[in-house]
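The values are calculated or read from the model by the stated rules, or taken from the named source; none is laboratory data. The model shown is predicted, which means the values in this text are computed figures rather than measured ones. A quick note on method: Cβ atoms are made from the backbone with ideal geometry, for glycine too, and the neighbour counts reach across all protein chains shown. All accessible areas refer to the heavy atoms of the entire protein, side chains included, with ligands and DNA or RNA removed. Shrake-Rupley method; radii C 1.70, N 1.55, O 1.52, S 1.80 Å.
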Amino acid sequence: MVDTQVIKEAVQLACRAPSLHNSQPWHWVAAGKVVDLFLDKERVLYSTDHTGREAVIGCGAVLDHFRVAMAAAGWACHVDRYPNPNNSLHLASIDFSPMEFVTEGHLRRADAIHLRRSDRLPYAEAPGWATAEEQLRRSVTSDAVRLDVIADELHAELAEAAQLTESLRLYDSSYHSELSWWTRPFESTDGIPHSSLVSAAESDRVDVGRNFPVTRNTDRRFEVGQDHSKILVLSTYDGDPTSVLECGEMLSAVLLEATMAALATCTLTNITELYPGRDIVASLIDQPTTPQVLIRVGSAPESDDKPPPTPRRQIDEVFEVKAKDI
């Protein structure tokens, strides 16, 4: 059996995973030799995420982060996804076996969890992109998930899709109320702090981002000019909940791989939240798949201040230990 403290520390690190508006829609339970991951339906943002799909993707990301954290502690995870057909909130059960050796790669990947940020500023072109793209493609190991890169010449059409989704929500009061709540200016343990948002001038130079409330930040990274990021698309071949969960796991894998390669990243779901946007993205990659999430990838100046880490809920709010049933 794994010591409970080891599991608790791994969960705490795993909870650095990205989620829609930093809503952190997960709940962990340790009981005996097994750790269970549940979707916390009270933290699903239904005005933005009508079906709860993005919440499941976020839980997939935290599941992969947990696997990375446990590997750095010397334990291999064995995951049973959706183990209870009568409980759709029970996303995974995990048990463990000791690893033969913890490599430098395992430790670096866990360190990448600390280093990863959602960087919403414009990016310069990623150096050595051909090699980086190959590494990112190799990180997608699920047969249920596909990674594509949108051709640079199609970015204008993607920007039009982003504008379309914003226009479709122009009078959606519940959506804008939800967005305002999760970007509230006062200190909290969830949501997106204003220090992680961008000014109007910075937002104008990134044409595929979500229209968050603008801040009074100065025009940072002005030397980069317009955004030169590559846009990745993670898609699933079907809408099965297990595939969506695995898509979140592959999102984590790609983000950590990019972080290890010193690349800046930002997860985008604004375009894929509505059917018209998803259809446009599917046409741009010319694949019979369902686009689930986009990722901006690029280079941030080395001298640049890194975005501050976003807050996280206290570990006792997301993790509990239960006595094993006798």
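Taking amide H as placed 1.01 Å from N in the peptide plane, residue 199 has its amide H under 5 Å from the amide H of 215, 217, each at least 5 places away in sequence or on another chain. Hand me the trypsin sites (Lys or Arg not before Pro) from the stretch 1-77 located in a DSSP loop with no more than 13 other Cβ atoms within 10 Å, in residue order please. For trypsin sites (Lys or Arg not before Pro) across the stretch 1-77 that sit outside H, G, I, E and B with at most 13 neighbouring Cβ atoms in 10 Å, the list reads 33.
Angle of helix 129-139 to the longest C-alpha principal axis of the chain, folded into 0 to 90 degrees and rounded to 10: 30°.
Here the stretch 30-82 has 51 percent of its accessible surface on carbon and sulfur atoms, given a 1.4 Å probe and all protein chains in place. Remark: the stretch 20-31, residue by residue, has Karplus-estimated 3J(HN,Hα) of 4, 6, 6, 7, 6, x, 10, 9, 10, 9, 9, 9 Hz, where x stands for each Gly or Pro and the curve is 6.51 cos²θ - 1.76 cosθ + 1.60 at θ = phi - 60°. The orientation-averaged projection of the convex hull spanning the C-alpha atoms of the stretch 180-326 amounts to 12.3 square nanometres. Taking all protein chains as present, what is the carbon and sulfur share of the accessible area of the stretch 104-174, in % to the nearest whole number, probe 1.4 Å? Carbon with sulfur: 50 percent of the solvent-accessible area. Here the sum of -39500 (n - 2.57) over DSSP H runs of 4 or more residues, divided by the residues of the chain, equals -11000 deg cm²/dmol at 222 nm, to the nearest 500. Simple point charges give the picture: +1 on the Cβ of Lys and Arg, -1 on the Cβ of Asp and Glu, and for the chain a dipole about the Cα centre of about 680 debye. Mean sequence separation of contacting Cα pairs (under 8 Å, at least six apart), scaled by the length of the chain, corresponds to a relative contact order of 26 percent.
Kirkwood radius for the chain, taken over all pairs of different Cα atoms as the inverse mean of 1/r, rounds to 20.2 Å.
If only the Cβ of Lys and Arg carry +1 and only the Cβ of Asp and Glu carry -1, the dipole of the stretch 156-266 around its Cα centre is close to 440 debye. Sorted largest first, the principal axis extents computed over the alpha-carbon atoms of the stretch 103-180 equal 52, 31, 31 Å.
Considering only C-alpha atoms, what is the centroid distance from the stretch 61-123 to the stretch 208-242, in Å? Using only Cα atoms to place each centre, the spacing works out to 24 Å.
Counting only alpha carbon atoms, the long axis of helix 155-168 and the longest principal axis of the chain meet at about 80°. Sites count as exposed loop sites when they are chymotrypsin sites (Phe, Trp or Tyr not before Pro), lie in a DSSP loop, and have at most 14 other Cβ atoms within 10 angstrom; the longest stretch of the chain without one is 238-326. Evaluating kT/(6 pi eta Rh) at 4 °C and 1.567 mPa s, with the Kirkwood radius of the stretch 122-242 over Cα pairs in the Stokes-Einstein relation, gives 76 µm² s⁻¹. Distance from the C-alpha centroid of the stretch 138-206 to that of the stretch 268-311: 7 Å, rounded to the whole angstrom. Looking at the stretch 43-85, the accessible area is 33 square angstrom per residue; that uses a 1.4 Å probe and ignores ligands, DNA and RNA.
Across the stretch 8-135, Cα-Cα pairs more than 22 Å apart make up 45 percent of the total.
Based on protein heavy atoms only, the stretch 162-318 ends up with 45 Å² per residue of surface accessible to a 1.4 Å probe. Working note: Karplus 6.51/-1.76/1.60 with θ = phi - 60° gives the stretch 62-70 the couplings 5, 5, 5, 4, 5, 4, 5, 5, 5 Hz, where Gly and Pro are set to x. Within the stretch 215-259, the percentage of alpha carbon pairs spaced more than 11 angstrom apart rounds to 75%.
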